[in-house]
Structure formats: structure tokens, C-alpha cells
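The values are calculated or read from the model by the stated rules, or taken from the named source; none is laboratory data. This structure is a prediction, so every number in the text was calculated from the model and none was measured. Glycine also receives a Cβ, built like all others from the backbone with ideal geometry; neighbour counts cover every protein chain displayed. For accessibility, only protein heavy atoms count, side chains too; no ligands or nucleic acids. Shrake-Rupley method; radii C 1.70, N 1.55, O 1.52, S 1.80 Å.
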Amino acid sequence: MILKTNNALTAMFLLLITVLPGCSRTESPRDDGKSTDPSNQTEESTVADHADADRSTGGRIPVIATYSILGDWVGRIGGEHVRLTTLVGPGGDAHTYEPTPQDSAAVADAKVLFENGLGFEGWLDRLYRASDSRATRVTVTEGIQGRMLYDSHGHSETDPHVWHDPQFAIEMVQSIAAALIKADPAHADDYQKNADAYVSELQELNTWIQGQITSLPESRRKLVTTHDTFGYFAERFGFQVSSVMGTVSSEVADPSAAQIAAIIETIRREEVPAIFAENILNPQLTEQVAREAGVRIVPTLFTDALGEKGSDGESYVQMMRSNVTKIVESLK
Ligand code: ZN
């Protein structure tokens, strides 16, 4: 048995798992918010099997997706040919995520690592280096011009929330397919077929959203959320957006009293009928702002992560349909 002990974390994890024979790395049900592609769940694998990468993966290529939405896309395109590990699972906040020893082990073993980029996964460079990974990193937003946001002090940051625009989702799905074809040319036809079918679904989704939004008068297209996650959605579908925290990252947890007063004033001035909670964030602050502004707080939107299995946001397409339905119903 050849064990790759690339760093202390991996070594520690392998030690831990060695004393728990029969424990599988990615397939066992987890309580830490991780998810594994359901199509991979039938196959058990142990650390011992990893001595032979081909045997342990049944010929599947080990791939990583940094967060759940990306994981959904990679699973759709990779299908039975990939063994997928998603680092930040449903409901998880990738902006503030803290990688685990299991993540380090998975990244060390991966052949391809898919990431959003645009500053979304600030913890990833360190994880990649620490795990001594040789995985090919694929930034799925490469080639997409990220929008910039400027705060009142003149600081600018790139907005990473590209997935809320289905047209950009199509570009990212095509990048995923190209990367898988390059990494595993033997299954190129399947990857291309999966990508073509999924792109049709995304085009359908885009048309459906446009139809739904048309029913909402322009003066009502005002989205207030906890953090600035809907910028690309707003640009594509003609919304005004603002957020309680006023940042594209959820990292700054405590906006000042002045910031909160300013957002409440905006909500009143713009006659925003409702504000939205987000599945990745504690709704407390948003509830407070809604109360003080005298507006409704409405059903939670899936913003930076999918919903749990069985929820109405368990896939990207479902999440988008659910969000748009809630937005249109709440703002009408
Ligand atoms: Zn975000």
C-alpha cells in the first residue's frame, strides 16, 4: 500500500482513517455539509484502494468542484466518468469557508479541480499548495468579464456571482466540458453529448426566466438581499439591486449603524415591497432591517449554494426556478 502523505493534514487524516477500517472517504454519508455526486455513491472506496488510483475510482477521473452549484454542473457533464467531490456543500458559504483535512486529501488525489475564480474561493490557493496537489486547475469564469463593484470609499472588488446569469452558466458549462475532454479524451463524445443536452436545458431556463420577469412591472424590479449576490442576474434581467451589507462578500458580518440606516432609507425611498433572506446566511440582520424599514421579509433565496437534497433548490435549474418564482410573487 503506497500512501501519499503530502502534508501534516493528509497524514493526520490518513492515520485517522487507517484506524477505522472500512470507512470510505467520499461515499459515506457526511454530516459536514459535503456532497458527493449521487451517481458515484454506489461504489465504495477505501484508503487502501487508493494505492491504485485506477482501481479505486473504477477508471473514473477524480475531480473536485469547489462549491455546490459548480458541483451540479460538473456532475451533469462528467456523469459516470468522474468521481466528484464537492468541497462547499449545499447551504455552505464559499466566501468564508474553512477547508478540512478531508478536503486536503481529496485535492491531493484530484486530477482536475474546478473553481469559480473572481475572488470567490479566497481559501483555495492555500489549500491547493498545502495538499501538494498536481490537479489541473480550471477557472470556469475565465474569459468572462467580471463586473466591478465600487463602495463609497472608492474601493473596487470583482463580483464573483456569475452563476445567477444563465447565459454565463452556459459558458461555464462549456468550459467544464472542454476541460474534461482534455483530461479524459477517451470519453470526449459523452462529455460533449452531456454538455449539449444540459446547455439546451439552460437555454430553456433562460427563456422561462425572461417570460416570468416580463410579468413584473419595471418599477417593481428591485431586489434587496443580505449581500450583493444578484448583480449579474440584475444586469441580465433588468433589476435594481442593493444589499443590507453592501459588499459582494459575506465576510464583513457587521455593517455599521450608518450603513444599516442608509439601506433602510433606500428601501423606503425606492418603495421596495419586500427584502429577501439567503440560504447561506443567518437571516437575523436582514430581519432587523425589514422590521425597521417596515417591509416584509420573504422566502429565502438560494444564492451562493444549492439547497439541501429534497429542497426546491437541489439543482442549479431548480434553484433558479425557485428564486425567480419567489422574486416575482413577492414583488408583484
Ligand atoms: Zn456571495
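With θ taken as phi - 60° and the Karplus curve 6.51 cos²θ - 1.76 cosθ + 1.60 applied, the whole-hertz 3J(HN,Hα) list for the stretch 213-223 is 5, 4, 6, 9, x, 4, 5, 9, 7, 10, 10 Hz, x standing for glycine and proline. Of the accessible area of the stretch 58-197, computed with a 1.4 Å probe over protein heavy atoms only, carbon and sulfur atoms account for 46 percent. What is the Cα centroid distance between the stretch 278-332 and the stretch 200-228, reported in whole angstrom? The stretch 278-332 and the stretch 200-228 have Cα centres spaced 14 Å from each other. Could you give the distance between the Cα centres of the stretch 117-190 and the stretch 231-272, to the whole Å? Spelled out, the Cα-based centre of one part sits 25 Å from the other. When the GluC sites (Glu not before Pro) in the stretch 140-233 are filtered for DSSP coil states and for at most 13 other beta-carbon atoms within 10 Å of their beta-carbon, the remaining sites are Glu142. If each Cα of the stretch 217-331 is one equal point scatterer, what is log10 of I(q)/I(0) from the Debye formula at q = 0.11, 0.13, 0.16, 0.17 Å⁻¹? At q = 0.11, 0.13, 0.16, 0.17 Å⁻¹ the computed log10 ratios are -0.32, -0.45, -0.69, -0.79. Between Val138 and Leu113, Phe114, Glu115, the built amide H atoms are under 5 Å apart, and every one of these is 5 or more places off in sequence or on another chain.
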